[in-house]
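The values are calculated or read from the model by the stated rules, or taken from the named source; none is laboratory data. These figures come from a predicted structure and were not determined experimentally. All Cβ positions, even for glycine, are placed from backbone atoms using ideal geometry, and neighbour counts span all protein chains on display. In case anyone asks, the SASA skips ligands and DNA or RNA and just uses the protein heavy atoms, side chains included. Shrake-Rupley method; radii C 1.70, N 1.55, O 1.52, S 1.80 Å.
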Amino acid sequence: MENCLFCKIVNGDIPSDKVYEDDRVFAFRDINPQAPFHVLVVPKKHVASVAEIDKLEDSEVAACLRAVAKIAADASLSGGFRVISNCGPDACQSVPHLHFHILGGRQMADKMA
Ligand code: AMP
């Protein structure tokens with residue numbers, strides 16, 4: 001998708017701190033980390049958010065979540081981690097390309113919102 005920040009990162013047009021890549025998924029460190037470990041997992045195919053997940057193949061959705069688990073395991077987040085996908089303005093989504101935040105490395109707040 002033209003002018004999509006995360007598509008440009010996936011394509012290598014904008015540099016990123018990559019932590020994982022396969023044929024369907026790309027993952028990189030968040031530029032403004034909210035926790036000691038903060039990685040974004042995105043499908044390579046552009047969809048705006050979870051609200052558009054029907055535009056992905058089931059295998060692409062599964063690949064994202066399998067990547068989340070692999071990245072967390074590789075990072076030894078043995079105490080646990082949080083996975084968040086902001087969807088739309090009420091959730092303060094700022095980049096309209098589906099992404100899953102992985103947050104870890106510290107105790108998370110009890111309240112999610
Ligand atoms: P969201 O607000 O849920 O849409 O999350 C978008 C995330 O993208 C934010 O946490 C930003 O810090 C992050 N972000 C924005 N630009 C970049 C970039 N160039 N590289 C890495 N992360 C970015």
Of the residues Phe37, Phe100, which is under 13 Å from the mean Cα position of the chain (by Cα), more than 12 Å from the ligand (Cβ to nearest atom) and in contact (Cβ under 8 Å) with a residue 60 or more places away in the chain?
Phe37
If you take the residues of the range 1-30 that are charged (D, E, K, R) and assigned to a loop (DSSP other than H, G, I, E, B), which of them is farthest from Val61 (Cα to Cα)?
Asp13
Considering only the range 89-113, how many residues are open to solvent by less than 40 Å² (accessible area, probe 1.4 Å) and touching a Pro at 6+ places or on another chain (Cβ under 9 Å)?
5
Only one of (1) in a loop (DSSP other than H, G, I, E, B); (2) out of contact with any helix residue (DSSP H, G or I) (no Cβ under 7 Å at 6 or more places or on another chain); (3) away from the ligand (no atom under 13 Å from the Cβ) does not apply to Ala73, and that is (1)
Residue check, Asn86 against (1) closer than 19 Å to Val25 by Cα; (2) more than 13 Å from the ligand (Cβ to nearest atom); (3) surrounded by 13 or more Cβ atoms within 10 Å (Cβ to Cβ), all met but one. Which one?
(2)
In the list Ile14, Ile53, which residue meets the criterion of being of a type in the set (Val, Ile, Thr), closer than 20 Å to Pro96 by Cβ, in contact with a Lys or Arg (Cβ under 8 Å, 6 or more places away or on another chain) and at pLDDT 95 or above?
Ile14
Please go through (1) touching a residue at least 40 places away in the same chain (Cβ under 8 Å); (2) more than 15 Å from the ligand (Cβ to nearest atom); (3) not aromatic (Phe, Trp, Tyr) for Asp110 and return the number of the only condition it doesn't satisfy.
(1)
From the residues in the range 1-21 that are of a type in the set (A, V, I, L, M, F, W, C) and more than 10 Å from the ligand (Cβ to nearest atom), which one is most open to solvent (accessible area, probe 1.4 Å)?
Met1
Can you name the residue in the range 31-70 that is among the small types (Gly, Ala, Ser) and in a loop (DSSP other than H, G, I, E, B) and is also nearest to Phe6 (Cα to Cα) among such residues?
Ala48
